[in-house]
Amino acid sequence: MRMRPTLSWIPAAADLLPGTTDLEPVVDALSSGGVLVLSGAGISTESGIPDYRGEGGSLSRHTPMTYQDFTGSAHARRRYWARSHLGWRTFGRARPNAGHLAVAAFARDARISGVITQNVDGLHQAAGSEGVVELHGSLDRVVCISCRAISPRSELARRLEAENPGFDPVAAGINPDGDADLTDVQVGDFRVAPCLGCGGVLKPDVVFFGEAVPSQRVEHCRRLVRESTALLVLGSSLTVMSGLRFVRQASKEGKPVLIVNRDPTRGDPHARTRVALPLGTALTSVADRLGIPVGGPAE
């Protein structure tokens with residue numbers, strides 16, 4: 001299934017689930033164990049990475065790159081890599097926040113069965129979570145469209161630095177996909193580096209809008225949903241189908257769907273509750289009630 005380039009979602013009044021501050025349903029689910037976590041951009045906002053659709057979200061000023069634009073236009077690739085090269089520096093400085101650390105603590109205490117993240121920032125892993133399924137890939141890796149070779153993003157960053165000495169414009173903002181806001185003038189004649197193996201086009205190993213999430217990855221996630229006792233959604237509006245389908249699956253299978261997100265989500269009609277609290281605060285409070293210490297690599 002291709003990730004639909006849905007950039008906005010307007011909820012119908014009948015679909016709105018009133019937000020609550022009651023964390024007991026989340027505490028109860030985690031008490032029993034076997035909970036699967038599905039996280040979105042909202043869990044990383046406290047690490048300084050903005051989300052797409054929340055207050056001040058990047059979609060108000062930024063349209064994410066589509067697979068069709070990237071593969072079909074050398075100009076689009078130049079613009080993308082210039083912006084992403086600058087944004088990568090900000091991503092590299094980001095550190096896990098209390099929400100990421102709480103999820104890792106739940107895993108260490110055997111309260112969750114796995115983590116599926118729609119994010120490409122690697123912060124769950126940096127917090128200590130293991131076996132994270134990166135639904136949309138990771139900015140840490142680069143793939144060649146022609147020969148499919150995968151290489152570290154840090155290696156490409158060094159090559160781009162060498163090809164573009166002195167490139168250091170001031171961005172208007174950074175987006176959840178690692179893309180910095182630059183004008184065409186700021187992009188200028190930025191030089192893009194080809195694949196070292198075959199000379200082909202390099203692409204970040206992430207799923208662009210309009211691109212298919214690999215079918216094996218989707219089936220792996222479906223299996224995780226089937227094997228879970230509940231689905232806990234953290235910081236996602238669930239606007240795109242790539243994440244929403246797992247909420248629908250859990251609901252169809254009779255498993256409780258619990259959402260922690262300050263704004264209404266597209267998954268609200270399938271959820272038992274939506275907790276409208278900041279994620280770091282909410283998850284730390286849940287951990288306290290369960291007697292689980294929150295800590296890890298970010299300390």
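Which residue fluctuates the most in the chain, going by a Gaussian network model with Cα springs under 10 Å, if the choices are 200, 243, 72?
Comparing 200, 243, 72 in a Gaussian network model of the chain, the most mobile one is 72.
When a/c is below 1.5 the answer is rounded, else prolate if a/b is larger than b/c, else oblate, so apply that to segment 119-180 with a ≥ b ≥ c taken from the square roots of the Cα gyration tensor eigenvalues.
oblate
Using Cα pairs under 8 angstrom and six or more residues apart, how large is the relative contact order of the chain, in percent?
RCO, the chain: 32 percent.
What do you reckon, how do 32, 39 stack up by accessible area (1.4 Å probe), largest on top? Let's see the in-between values first.
Numbers: 32 100, 39 0 Å².
Largest accessible area first, the residues go 32, 39.
Across segment 39-185, how large is the tail of the calculated P(r) beyond 19 Å, expressed as a percent of all Cα pairs?
Working: 6038 of 10731 pairs.
The proportion of pairs with Cα distances above 19 Å equals 56 percent.
Can you give the Rg to Rh ratio of segment 215-254, both from alpha-carbon atoms, with Rh computed by the Kirkwood formula?
Answer for segment 215-254: 0.94.
What longest region of the chain stays clear of chymotrypsin sites (Phe, Trp or Tyr not before Pro) that DSSP places outside H, G, I, E and B and that have at most 16 other Cβ atoms within 10 Å?
Details: sites that count: 9, 167.
Excluding the exposed sites themselves, the longest stretch runs over 10-166.
Would you please report the Å³ per residue occupied by the convex hull of the alpha carbon atoms in the chain? Please list the in-between numbers first.
On the way: hull volume 37.6 nm³, N = 299.
About 126 Å³ per residue, rounded to a whole number.
With θ taken as phi - 60° and the coefficients 6.51, -1.76 and 1.60, list the Karplus ³J(HN,Hα) couplings across segment 67-72 in order, rounded to whole Hz; mark glycine and proline as x.
4, 5, 5, 5, 7, x
So how compact is segment 163-268: Cα radius of gyration and Dmax in angstrom?
Cα radius of gyration and Dmax of segment 163-268 are 19.5, 56 Å respectively.
Which cysteines in the chain lack any other cysteine whose Cβ sits under 4.7 Å from their own Cβ?
221 - these cysteines have no disulfide-compatible partner (Cβ-Cβ under 4.7 Å) in the chain.
Can you work out D for segment 82-126 in µm² s⁻¹ from Stokes-Einstein, where Rh is the Kirkwood radius over C-alpha pairs, the temperature is 4 °C and the viscosity is 1.567 mPa s?
Answer from the Stokes-Einstein relation: 109 µm²/s.
Could you check what % of the DSSP bridge pairs in the chain are antiparallel, to the nearest 5?
Restricted to the chain, the bridges split so that about 30 percent are antiparallel.
For residue 196 and residue 168 in one chain, what is 0.36 nm times their gap in residues minus the Cα-Cα distance, to one decimal in nm?
7.6 nm
Over segment 158-257, with the other protein chains present, what is the accessible area per residue in square angstrom, probe 1.4 angstrom?
Value for segment 158-257: 43 Å² per residue.
Let me check against my output: what whole-number percent is the relative contact order of segment 207-299, with C-alpha pairs under 8 Å and at least 6 apart?
Relative CO of segment 207-299 lands at 22 percent.
Would you mind telling me the share, in percent, of accessible area of segment 115-200 contributed by carbon and sulfur at probe 1.4 angstrom? Display every interim value, and only then the final one.
Values: 2000 of 3870 Å².
So the carbon and sulfur contribution to the accessible surface is 52 percent.
When the chain is treated as a GNM, springs tying every alpha-carbon pair under 10 Å, which of 156, 231, 196 comes out with the largest mean-square fluctuation?
Answer for the Gaussian network model of the chain: 196.
Sorted by packing (mean other beta-carbon atoms within 10 Å per residue), highest first, where do 149-155, 201-207 land?
201-207, 149-155
Using only the heavy atoms of the protein chains and a 1.4 Å probe, how would 220, 75 rank by accessible area, largest first? Spell out each step's value before the answer.
Values: 220 65, 75 105 Å².
Order by accessible area, largest first: 75, 220.
Collect residues whose amide H, placed 1.01 Å from N in the peptide plane, falls under 5 Å from the amide H of residue 233; neighbours closer than 5 in sequence don't count.
Here the answer is 38, 258, 259, 260, since their amide H atoms fall under 5 Å of that of residue 233.
The values are calculated or read from the model by the stated rules, or taken from the named source; none is laboratory data. None of the values given here were measured: they were computed from a predicted structure. Here Cβ is always computed from backbone atoms with ideal geometry, including for glycine, and neighbour counts include all displayed protein chains. Just so you know, the surface numbers come from the protein's heavy atoms only, side chains and all, with ligands and any DNA or RNA stripped out. Shrake-Rupley method; radii C 1.70, N 1.55, O 1.52, S 1.80 Å.
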